[in-house]
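Following: one structure in structure tokens, then a few remarks.
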Amino acid sequence: MSSLAAALAQRIGAAHVATDASSCALATSDLFDWPDAAPAEIVIRPGSTADTATALRLLAEFGRSIVPRGAGMSYSAGVVPRAPAVVVDTTRLNDISIDAGNLTAVVGAGTTWQALAAALAPHGLRAAQASPVSGSVSTVGGTVAQNLPGGMDGILGLTVVLADGNAVCTGALALRGAPPFWRHMGPDLTGLFLGDCGAFGVKTEVALRLAPDRPGAFGSFAFESSAAMMAAMVEVAQASIVSRAFALDPVRTSTPGPAAAPRRREARPEPAWTLHLTAEGATVPAAEAAVEVARGITTRHGAEEVPATIPKALRARPYSIRGLVGPEGERWVPVHGMLPLANARACLAAVEAQHAAMAAEMAAAGVSTSHIISSLGAYITIEPMFYWRDALDALHLQHLSEANRARFGSQAPNQAARDLVRRAREVLSAIMDQHGAVHAQLGRFYRLGSRMEPGAAQLLHSVKAMLDPRGRMNPGALEGVQA
Ligand SMILES: Cc1cc2nc3c(=O)[nH]c(=O)nc-3n(C[C@H](O)[C@H](O)[C@H](O)COP(=O)(O)OP(=O)(O)OC[C@H]3O[C@@H](n4cnc5c(N)ncnc54)[C@H](O)[C@@H]3O)c2cc1C
């Protein structure tokens, strides 16, 4: 063990410091493959803000780079260092403190969304903050650090340990002696750290707004074309009547290749797109009235109503990482863009045209494609997804059942498909950007600094330089804002 590892072990406990090769490789793995990845030098698992601060002060003394990590469920290289770094695995930061009367909770950054939902259920409450489907394992801190389609309005405050080891509180957590119920007293310092991909500090605590678990109503609609589906989705979003809308298309495999189309979609009649809506209300009739308005919109766009099995199932079981790999062990990776409502239709048409242009190459490499298109507000998220048969990584295998590990654990590498998917993600991301897209989960994949107006980019750069003057906090994350 190096002198740094020994000093860390002395401060936070030897059981919470790892230097073995497999821990160091797993701690920097991502669901996609990044050729410039470097393994961790040391992995630490602090159990409190105080432990995190102690460890980061030591890392400042030793001049080491730091990569914060939740569950590693992102696929934009935010958890992947390019040079050896110390990974701060936050999953032991999992305390949950609920104040049901004030509709607030303060949770450790490593708390999973599912653990939070389970703790809130007996109170008839849920987080007001939107959360990812991966929430069975992904963490509140990971989501807060990289943002998500749905925004961050349910976050009230943070505790963040900065690169120099100082712990700072923001928003609701910054007011001495007051219940943490209000974010916006004075400038919004919480907002500074939301979506920073860990480049500004390690979040250790998150204060969240809670909301009553309200009744829902559901509707599912089949469309003959993507254009009709998108026109309906945009109009539903403009009417602000549903809490969630998402659309699926069938998986497209141009010719039977090494990657069979995932089975879960085979039963759906092609070429239908299906749009799935969930509305919430103070009462069931109020929620149903909202779906009825949406039904009028979808009918005008030529939809046929189908059983609302999918949105009901998602509401009953909101978190699962079954989709981490396809049903036949295919690797899976998406790319996304959030579009202004007026541009979504043209953007989807351009994305589909690009798929058509690449269809022969995709078929040759055994890559299948599909989309999730969703709306959680006045914008549309377009998310093309790729599936292909390939060797799986340690992070995939860690989350598979024993039976599936045995089935899929020794698949042969498919470098051609991987390279093609890498290129397709870049091309599709650029097409979405041409239509005005913005992105969550920037990591090291989506560009930020080069897209910003120069004054704004300089301000961001100055903030980074102030918080992390030696550029040790997640180097490479948030392209263009490194000190
Ligand atoms: C099956 C599946 C379904 C998914 N569904 C969704 C979805 O519905 N919506 C969606 O938006 N995304 C989704 N994702 C993507 C991903 O799971 C989410 O973005 C999730 O929020 C990532 O959380 P994590 O804990 O895994 O973060 P990680 O991947 O570990 O980290 C993400 C980023 O945050 C930083 N970070 C992590 N923790 C901290 C911390 N405590 N302090 C500072 N920085 C930190 C990391 O350095 C990294 O840059 C899905 C992924 C999978 C595999």
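The values are calculated or read from the model by the stated rules, or taken from the named source; none is laboratory data. Bear in mind that the values here come from a model prediction, so they are computed numbers and not experimental data. Glycine also receives a Cβ, built like all others from the backbone with ideal geometry; neighbour counts cover every protein chain displayed.
Values for this structure:
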| item | result |
| --- | --- |
| Lone unmet requirement of (1) in a helix (DSSP H, G or I); (2) away from the ligand (no atom under 16 Å from the Cβ) for Met432 | (2) |
| Test: residue in region 150-159 that is more than 30 Å from Ser374 (Cβ to Cβ) and assigned by TED's automatic domain parsing to the domain that holds Lys203 | yes |
| Single residue of Ala85, Ala71 found to be more than 10 Å from the ligand (Cβ to nearest atom), modelled with pLDDT of 95 or more and of a type outside the set (S, T, N, Q) | Ala85 |
| Single unsatisfied condition, Leu376 versus (1) modelled with pLDDT under 95; (2) more than 28 Å from Ala145 (Cβ to Cβ); (3) not acidic (Asp, Glu) | (2) |
| Selection count where residues are of a type in the set (D, E, K, R), outside any loop (DSSP other than H, G, I, E, B) and either at pLDDT below 95 or buried (at least 24 other Cβ atoms within 10 Å of the Cβ) (or both), scope region 217-255 | 1 |
| Strands (runs of 3 or more DSSP E) contained in region 303-382 and holding at least 2 residues among the β-branched types (Val, Ile, Thr) | 367-377 |
| Breaking point among (1) modelled with pLDDT of 95 or more; (2) surrounded by fewer than 20 Cβ atoms within 10 Å (Cβ to Cβ); (3) under 23 Å from the mean Cα position of the chain (by Cα); (4) not hydroxyl-bearing (Ser, Thr, Tyr), for Arg264 | (1) |
| Residue among Arg418, Arg444, Arg407, Arg423 that is outside any loop (DSSP other than H, G, I, E, B) and buried (at least 16 other Cβ atoms within 10 Å of the Cβ) | Arg418 |
| Test result for Gly329, under 30 Å from Ser401 (Cβ atoms), more than 13 Å from the ligand (Cβ to nearest atom), more than 22 Å from the chain's Cα centre (by Cα) and not assigned by TED's automatic domain parsing to the domain that holds Ala130 | no |
| Scan of region 101-124 for residues that are surrounded by fewer than 20 Cβ atoms within 10 Å (Cβ to Cβ) and either away from the ligand (no atom under 15 Å from the Cβ) or modelled with pLDDT under 95 (or both), ordered by number | Gly101, Asn102, Leu103, Ala118, Ala119, Ala121, Pro122, His123, Gly124 |
| Yes/no for Asp30 being surrounded by fewer than 24 Cβ atoms within 10 Å (Cβ to Cβ) and near the ligand (Cβ under 10 Å from one of its atoms) | yes |
| The one condition in (1) at negative phi; (2) surrounded by fewer than 22 Cβ atoms within 10 Å (Cβ to Cβ) that Cys347 fails to fulfil | (2) |
| Any hit, region 187-207, residues being more than 16 Å from the ligand (Cβ to nearest atom) and surrounded by fewer than 19 Cβ atoms within 10 Å (Cβ to Cβ) | yes |
